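Take a look at the structure below.
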Amino acid sequence: MTGKSIKVKIFGTDYPLRGENEDFTKKVASHVDSMLNRIHEKIPEQPPLTVAVLTALNITEEMLKERDQQQEAVDYLEAEITKLSNYLDNCMISESGGIEVR
């Protein structure tokens with residue numbers, strides 16, 4: 001990965017990360033830190049590795065749900081565009097007296 005070194009703190013430990021966009025890298029690190037702390041508060045007796053794995057699972061679940069929602073939106077929009085295109089094609093055929101003009 002290229003980019004400049006960006007220092008972040010995640011779950012009490014400082015990490016030098018590399019990234020092109022400092023604000024975005026800090027936002028990502030903050031999200032991970034927040035999730036780690038939230039899970040640790042719920043199960044403080046668990047070791048850090050367990051907390052990290054549960055956090056990774058939660059973040060991955062969020063990402064996959066978002067990806068599914070985006071795909072559903074794309075599918076819906078493609079269907080609507082197809083309907084509109086067919087409607088416009090039919091209008092052009094009707095206006096040209098049954099002969100399609102392209």
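The lone criterion from (1) at pLDDT 95 or above; (2) of a type in the set (A, V, I, L, M, F, W, C); (3) surrounded by 10 or more Cβ atoms within 10 Å (Cβ to Cβ) left unmet by Leu49 is number (3).
Checking each residue in segment 2-38 for being over 25 Å from Leu54 (Cα atoms), assigned to a helix (DSSP H, G or I) and in contact (Cβ under 8 Å) with a residue 12 or more places away in the chain picks out only Glu22. Of everything listed in (1) assigned to a helix (DSSP H, G or I); (2) surrounded by 10 or more Cβ atoms within 10 Å (Cβ to Cβ); (3) among the polar types (S, T, N, Q), the single unmet condition for Ser94 is (2).
The values are calculated or read from the model by the stated rules, or taken from the named source; none is laboratory data. This one's a predicted model, so the numbers in the text were calculated from it and none came from an experiment. All Cβ positions, even for glycine, are placed from backbone atoms using ideal geometry, and neighbour counts span all protein chains on display.
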